[in-house]
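Peer 1: Take a look at this one; I'll ask things after.
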Amino acid sequence: MPELPEVEVLARHLRPLLRGKTIRAIEIRREKVLRPTSPARFKKSLLGAKFLSLERRGKYLLFELQPKNSREKLHLLGHLGMTGRMFLAAKKEPLPKHAAVILDFGKNHFIYEDTRYFGRFTLDVSAVEKLGPEPWDKKFSPEFFQQQLKKSRQPIKVKLLDQSLIAGVGNIYASEALFRTGISPRRTAAKITRPEAARLLAAIREVLTEAVDCGSTVPLNFTAGKTDGLFYFGRAADAIDYYEERLRVYDRAGKPCWNCGEPIKRIVQAARSTFFCPHCQKS
């Protein structure tokens, strides 16, 4: 599932392409992704609206639009789910098989495609109200971080996936941050000390920043020039394999640890894979 860096790179990519575009027509092929917004309300609200801005909040994309006949701004929430893609394409190009929503701009159109339809493209933006602070929020201090962790009896890896604690961190970067701080993913969150919380928060910010920087420097036209499509990031045909080059523990079960050479181990926590080094992350 795309995490904060992937969504941030996508937001930066789409922002200049969408700004000022007016929706001239709307085609809905998979109503499921609109939930709980009805297709009728979706079309009535967005037809004729102009894109003003695009921001990222956690793993969500928050589009701001100016409706045709209203002074009040309108917000559209996007989430890629497991397999979502959002991109602009020329109208002469065939639509992808799993196109869920198509917004017509005239010469080109915006496509939300989702193979499994687990994502969201909806006028219901209540999900962002439940999110915790962003990792770089100035109010998100090590002291605040530890205070929140002290309330939880969950393993620290599982707690880091709680979007009400910190928005945007997912399975990949939680494992990576814990490895860099030498903290066991099995450690109870409440037992994380103040110095450990400071190191962990710094590691979270570090791994996320590195991922955004990496994704921002690779080619985006992975469909060989037919669209400006972007799926996650860095997956253009000639792009460096991000996972091989950057990730130190995630998806590396059985491979040698970067630090000590011992095999990386995989365990399951809260139905999610966790990768760590038993030697370097004993405590």
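All of the numbers you see were taken from the coordinates with simple rules; none came from a lab. All values reported here derive from a predicted model rather than from experimental measurement. FYI the Cβ positions are ideal-geometry reconstructions off the backbone, even for glycines, and counts take in every protein chain you see.
Peer 1: For the pairs 130/282; 21/139; 44/73; 59/191; 159/191, flag any whose C-alpha to C-alpha distance is greater than 24 Å. The partial results should precede the final answer.
Peer 2: Working: 130/282 33 Å; 21/139 35 Å; 44/73 14 Å; 59/191 28 Å; 159/191 12 Å.
Over 24 Å apart, Cα to Cα: 130/282; 21/139; 59/191.
Peer 1: Further question on the same structure: Pick out the long, greasy-scoring helices in the chain: whole DSSP H runs spanning 18 Å or more along their own axis by Cα, mean Kyte-Doolittle at least -1.0. Don't skip to the answer; put the middle values down first.
Peer 2: Numbers: long enough: 4-18 (20 Å, 0.45); 194-215 (32 Å, 0.25).
Membrane-span-like by this criterion, though nothing is claimed about a membrane: 4-18, 194-215.
Peer 1: Return the FRET efficiency for the residue pair residue 258, residue 144: r is the Cβ-Cβ distance, R0 is 30 Å, and the value is rounded to the nearest 0.05. Don't jump to the answer; show the numbers that get you there.
Peer 2: Details: r = 31 Å, r/R0 = 1.02.
Using R0 = 30 Å, I get an efficiency of 0.45.
Peer 1: Over what distance in Å are the Cα centres of the stretch 59-91 and the stretch 242-281 separated?
Peer 2: 36 Å
Peer 1: For the chain, calculate the relative contact order in percent as a whole number, restricting contacts to Cα pairs under 8 Å that are 6 or more residues apart. Before the final figure, lay out the partial values.
Peer 2: Numbers: 567 pairs, mean separation 49.8, N = 283.
Normalised by residue count, the contact order of the chain is 18 percent.
Peer 1: With a 10 Å radius around each residue's Cβ, average the other Cβ atoms per peptide and rank 12-19, 73-80, highest first. Don't skip to the answer; put the middle values down first.
Peer 2: On the way: 12-19: 16.5, 73-80: 19.1.
Result, highest mean first: 73-80, 12-19.
Peer 1: Sorting check: for 169-176, 120-127, which peptide has the highest mean count of neighbouring beta carbons within 10 Å, and how do the rest follow?
Peer 2: Numbers: 169-176: 23.8, 120-127: 17.5.
Peptide ranking by packing, descending: 169-176, 120-127.
Peer 1: What share of Cα pairs, in percent, lie more than 13 angstrom apart in the stretch 41-117?
Peer 2: Details: 2058 of 2926 pairs.
Tail of the P(r) past 13 Å holds 70 percent of the pairs.
Peer 1: Can you compute the radius of gyration and Dmax for the chain, using only the Cα atoms, both in Å?
Peer 2: Final numbers for Rg and Dmax: 20.3, 63 Å.
Peer 1: According to a simple spin-label model (label point 7 Å from Cα along Cα-to-Cβ), what is the distance in nm between residue 270 and residue 17?
Peer 2: Reported label-point gap for residue 17 and residue 270 is 3.2 nm.
Peer 1: Restricting to DSSP H runs of at least four residues, report the calculated mean residue ellipticity at 222 nm for the chain, -39500 (n - 2.57) per run over all residues, nearest 500 deg cm²/dmol.
Peer 2: Values: 7 runs with 74 residues, N = 283.
Per the formula, -8000 deg cm²/dmol.
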